[in-house]
Amino acid sequence: MTLSGDPAVVRTDAVLDFNWRQGSPDAAIGIDFFSVRWSGKIKPLYTETYQIYTTSDDGIRVRVNGELVIDSWVKQSGTERSGSISLTAGELYDIQVEYYENQGDAKARLMWQSPSQAKGTVPASALFLPSAS
Ligand SMILES: [Ca+2]
């Protein structure tokens, strides 16, 4: 829950849409009391106010461009949270998603929506490595 210590696993995920159920992201990680930090960049298609959504079990927080858009660092099961941020088309924004699993089921999903764009999982085409420029 404190995201402390050296990471047990470092990898690249194309999208953030996971349902580990009673499991974990990797055999090297126990099924309870783990945490994940995703770091990368996000590129919107429209210059609009975006609604960012998460569904998580358990805690989650999302920063876009350093701004805390979703802050839900609590025990919860399959709960949707949302926050809004104004973005400019074609710009690469830093995004960081932190997540922790307490016990039981584990899931994490990142979605977005704007006036021109239906709600859905943020696609791989809009996500980039932290080093992208
Ligand atoms: Ca849980």
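Quick look at the values:
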quantity	calculated
Pairwise FRET efficiency - Glu80 versus Phe33, Cβ, R0 = 35 Å, nearest 0.05	0.90
Leu129, Leu110, Leu92, Leu45, ranked by accessible area, largest first (probe 1.4 Å)	Leu45, Leu129, Leu92, Leu110
Hz values of 3J(HN,Hα) by residue in region 121-133 - Karplus curve (6.51, -1.76, 1.60), Gly and Pro given as x	4, 4, x, 4, 5, 9, 10, 9, 5, x, 7, 5, 8
Accessible area of Thr49 in the full protein assembly, 1.4 Å probe (Å², nearest 10)	70
Alpha-carbon centroid distance for the pair region 69-133 / region 1-20, whole angstrom	14
Estimated FRET transfer efficiency (Thr49, Ser125; beta-carbon r; R0 25 Å; 0.05)	0.75
Accessible surface, region 17-128, averaged per residue in Å² (probe 1.4 Å)	48
Accessible-area composition of region 17-128, carbon plus sulfur, in percent [1.4 Å probe]	43
Gaussian network model of the chain, Cα within-10 Å springs - most flexible of Gln76, Gln22, Gln103	Gln22
Kirkwood hydrodynamic radius of region 41-133, from inverse mean 1/r over distinct Cα pairs, in Å	13.4
Relative contact order for the chain, counting Cα pairs under 8 Å that sit 6 or more residues apart, in percent	35
Convex hull per residue volume in Å³, alpha carbons only, for region 1-99	104
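The values are calculated or read from the model by the stated rules, or taken from the named source; none is laboratory data. What you are looking at is a predicted structure, and each value in this text was computed from that prediction instead of being measured. Methodologically, a virtual Cβ is constructed for each residue, glycine included, from the backbone with ideal geometry; neighbour enumeration extends over all protein chains shown. Areas reflect the complete protein model, heavy atoms only, side chains present, ligands, DNA and RNA absent. Shrake-Rupley method; radii C 1.70, N 1.55, O 1.52, S 1.80 Å.
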